[in-house]
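Colleague: Would you mind keeping the following structure in view while I ask a few things?
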Amino acid sequence: MKGTRAALRYAKATLNLAKEKDLASNINDDMSLIDKTLDENSELLIMLQSPIIKSAAKKSVLNEVFSKKVNAITIGLINLLIENKRLPLLQLVAKEYKVIYDFLKGIEIAQVTSAIPLTKELEARLLKKVEEIIGKEIALKNIVDPSIIGGFILRVGDKQFDSSVSNQLNTLLEKFEDNHYISKL
């Protein structure tokens, strides 16, 4: 992805500064807020990436949206991205920060793909079970993909458990095709 290396450098620098000030956790919350806000507001993301809109206007909008909700370090990051004409990287920097923060804290990311969003109760039960199996603190990320029909796909590190209905149907279809092929011999 374009800009990933630059975003990682900004994220690392921000994390180093946050650790010096003992605010790494607070800044992680800020980065989660920025990532979520930009995910939920496509117009804001488009505005940030637009080469037509002046930096001053972008800065004004971002200050209005985030200034009362985030730490001074996060505001400093936003201002630095504006000065360096790297503001389109803001969401990517936020995502990279969260990844390296989780790594620093020893938190493993578990990705759960389901046909519908997980309820809070199911998410808590799944989180508890995965933490028991893995033996580490886990952060759960839910991805909704209606094409799996039902069930879920759980991915932690390089391990994947697929209990989706679509996978079960594909497995059954393969068995039928193999049996059909064998019976023609």
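Colleague: Might you check whether a residue that is under 16 Å from the mean Cα position of the chain (by Cα) and assigned to a loop (DSSP other than H, G, I, E, B) occurs anywhere in the stretch 59-78?
Modeller: no
Colleague: Filter the stretch 140-173 down to residues that are modelled with pLDDT of 85 or more and of a type in the set (D, E, K, R) and give me whichever is surrounded by the fewest Cβ atoms within 10 Å (Cβ to Cβ).
Modeller: Only one residue tops the list, namely LYS141.
Colleague: Name the residue that is farthest from LYS12 (Cα to Cα), counting only residues in the stretch 57-78 that are buried (at least 16 other Cβ atoms within 10 Å of the Cβ) and of a type in the set (S, T, N, Q).
Modeller: In this case the residue turns out to be ASN71.
Colleague: Looking at this structure, is ASP29 closer than 30 Å to PHE161 by Cα, touching a residue at least 24 places away in the same chain (Cβ under 8 Å) and outside the structural domain of VAL144 (by TED's automatic domain parsing)?
Modeller: no
Colleague: Oh, and also: Which one of these is under 22 Å from LYS136 (Cβ atoms), of a type in the set (Lys, Arg), outside the structural domain of LYS141 (by TED's automatic domain parsing) and surrounded by fewer than 19 Cβ atoms within 10 Å (Cβ to Cβ): LYS36, LYS19, LYS54?
Modeller: Unique residue meeting the criteria: LYS19.
Colleague: Do we find a residue being surrounded by fewer than 13 Cβ atoms within 10 Å (Cβ to Cβ), within 18 Å of the chain's Cα centre (by Cα), of a type outside the set (Lys, Arg) and modelled with pLDDT under 90 anywhere in the stretch 128-139?
Modeller: Yes - at least one qualifying residue is present in the stretch 128-139.
Colleague: Among the residues of the stretch 100-151, which ones are touching a residue at least 40 places away in the same chain (Cβ under 8 Å) and charged (D, E, K, R)?
Modeller: Matches in the stretch 100-151: GLU108 only.
Condition check ((1) at pLDDT 90 or above; (2) of a type outside the set (Gly, Ala, Ser); (3) more than 22 Å from THR4 (Cα to Cα)) across all residues:
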residue	(1), (2), (3)
ASN26	yes, yes, yes
LYS36	yes, yes, no
ALA56	yes, no, yes
ASN84	yes, yes, no
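Colleague: Identify all residues within the stretch 1-36 that are β-branched (Val, Ile, Thr) and either in a loop (DSSP other than H, G, I, E, B) or over 18 Å from ILE82 (Cα atoms) (or both); write none if there are none.
Modeller: Matches in the stretch 1-36: ILE27 only.
Colleague: Additional query: Scanning the stretch 81-122 for residues that are more than 20 Å from GLY135 (Cβ to Cβ), within 16 Å of the chain's Cα centre (by Cα) and of a type in the set (D, E, K, R), which turns out surrounded by the most Cβ atoms within 10 Å (Cβ to Cβ)?
Modeller: In this case the residue turns out to be GLU96.
The values are calculated or read from the model by the stated rules, or taken from the named source; none is laboratory data. Fair warning: this is a prediction, and the values are worked out from it, not measured in the lab. All Cβ positions, even for glycine, are placed from backbone atoms using ideal geometry, and neighbour counts span all protein chains on display.
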